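To keep things clear, I will list the structure first and then write my remarks on it.
Quick note: the coordinates plus some simple rules give every number you see, no bench work behind them. Because the structure is predicted, anything quoted here is derived from the model rather than measured. For neighbour counting, all protein chains shown are included, and Cβ atoms are generated from backbone atoms with ideal geometry for every residue, glycine included.
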Amino acid sequence: MITALDTNVLLDVRVSDPVFGEKSQLTLMAADARGSLVICEVVYAELASRFASPTAFDSRLDELEIEARPVTRPAAYAAGQAWHRYRRAGGSRTRIMADFLIGAHAAFAADQFITCDRGFYRSHFIELTIVDPSLT
């Protein structure tokens, strides 16, 4: 089973969030035990500021056995279409294309998606199987 990861879950673990850190860590460990963990380059970029160097960051990803995979053209197209529908329906600018790229990547590259933002992703990527660590 391939599990895509959202930035918020990895940040919970990285900063040892007092509310969600342990739940996110346990959810990641369970997903890792069932298969592989992946992130897209958008999640990679969002997390990059938390590390002193690319080497330190990549080493941490290797330790956690998280693979960075690119957003494919079909996933990028789906992200663009979802964003367009969102904006046409009056969606605010608080949601940016990066959110849609993360969701589309998960939909195309994984069997499930771990995120604390289940409402947004469930609304725009109904085919995603979403795991929310806060509910475990």
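Ranking ALA106, HIS84, ILE66 by how far each Cα lies toward the positive end of the dipole of region 35-111 (charges on Cβ) leaves HIS84 at the top. Quote the Stokes-Einstein diffusion coefficient, in whole µm² s⁻¹, for the chain, based on the Kirkwood radius over alpha carbon pairs, a temperature of 4 °C and a viscosity of 1.567 mPa s. The calculation lands on 86 µm²/s.
What is the local net charge at VAL131, summed over the other residues whose Cβ is closer than 14 Å to its Cβ (Lys, Arg +1; Asp, Glu -1)? Local charge sum for VAL131: -2. Per-residue extension of 0.36 nm, minus the Cα-Cα distance of TYR77 and MET29, leaves a gain of 14.1 nm for this segment.
Ranked by how many other Cβ atoms sit within 10 Å of their own Cβ, fewest first, the residues CYS40, CYS116 fall in the order CYS116, CYS40.
The long axis of helix 97-109 is offset from the longest Cα principal axis of the chain by roughly 70 degrees. The relative contact order of the chain comes to 33 percent, based on Cα pairs under 8 Å that sit 6 or more residues apart. With neighbour counts taken as other beta-carbon atoms within 10 Å, the residues THR7, THR129, THR55 rank, fewest first, as THR55, THR129, THR7.
Quick one: dipole size for the chain, taken about the Cα centre, charges +1 on Lys/Arg Cβ and -1 on Asp/Glu Cβ, in debye to the nearest 20.
740
Relative to the longest principal axis of the Cα atoms of the chain, the long axis of helix 21-34 lies at roughly 90 degrees. Classified by the C-alpha gyration tensor, region 13-63 has an oblate form. Its axis ratio a/c, with a ≥ b ≥ c, is 1.5 or above, and a/b does not exceed b/c. For region 48-136, the set of GluC sites (Glu not before Pro) satisfying both a DSSP loop assignment and a count of at most 12 other C-beta atoms within 10 Å is given as GLU65, GLU127.
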